[in-house]
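We did not get these values from a lab; they are worked out from the coordinates using the rules stated. A quick note: this is a predicted structure, and the numbers were derived from the prediction, not measured. Reconstructed Cβ throughout: ideal geometry from the backbone, glycine too, with neighbour counts over all protein chains shown.
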Amino acid sequence: MYKTQADALEFLKVFLGQLGGTPGDREVVLCVPFTDLSPLSQKLHGSQVRLGAQNIHWQEEGAYTGEISGLMLKELDVSYVVVGHSERRQYFGETDETVNLRLRSAQKHGLTPILCVGESKQQRDAGETEALIVSQLKQDLPGVDQTNLVIAYEPIWAIGTGDTCASTEANRVIGLIRSQLSNPNVPIQYGGSVKPGNIDEIMAQSEIDGALVGGASLDPQGFARIVNFQ
């Protein structure tokens, strides 16, 4: 929940100016608050940056005050949508059941969902990481087309804490996630205190296909350095 429309447009001006040397096969997606989708949709048209939303409802319309449907997102030329982010699970009652409904709704409307899974500090300390993630995937993925999906492993204990999961450990867990999928080619990202200073090491790992960036994406130059990882 950052950036007014004016802030977002200012961000974009600086950010796009940093992408001149970005490899053409590198996919860049900005997942912004709903109020920023419309102005950014107009500005990003024809650029290499795709637009993503932060949530989607499972119905096309109805008495769901405050929710946004897939039809509404498609109208704004949105390509991606984050589903099941840890903050949605933690603060807004998101369950694996509703995550599954949202994933299927996204795909029904031609959007690519970015499914977030990951464990809390308490669960990691109790040695429950693997069991929890396998359980999340088992409940989140029924009826979901794995040829139109991105998964993000976001250890909750590493989000915004500055306490990054060691890249080798993130690689191990992402390998576990891949082993649970029917399509091993699903792009799997790491998210959790990703910064300009650690992106090169994270992206050097064999199982990690990308990064889901939180706080470090708010600064256009820092985020461009992440996008342009070496």
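Points to keep in mind about this one:
- Here segment 39-227 is assigned +1 on the Cβ of each Lys and Arg and -1 on the Cβ of each Asp and Glu. Its dipole about the Cα centre then comes out at about 300 debye.
- Relative contact order %, the chain, counting alpha carbon pairs below 8 Å whose residues are six or more apart: 16 percent
- Unit charges at the beta carbon, dipole of the chain: most positive-side option, Ser135, Asn171, Asn198: Asn198
- Only helices enter the 222 nm calculation for the chain: every DSSP H run of n ≥ 4 contributes -39,500 (n - 2.57), and dividing by all residues gives -11000 deg cm²/dmol, rounded to 500.
- A dipole drawn for segment 47-172 from +1 and -1 charges on Cβ atoms has a positive end, and of Ile156, Ala53, Thr98 the residue lying farthest that way is Ala53.
- Alpha carbon centroid spacing (whole Å) that separates segment 15-75 from segment 109-159: 22 Å
- Only Lys, Arg (+1) and Asp, Glu (-1) charged, at Cβ; segment 155-210 dipole about Cα centre in debye: 120 debye
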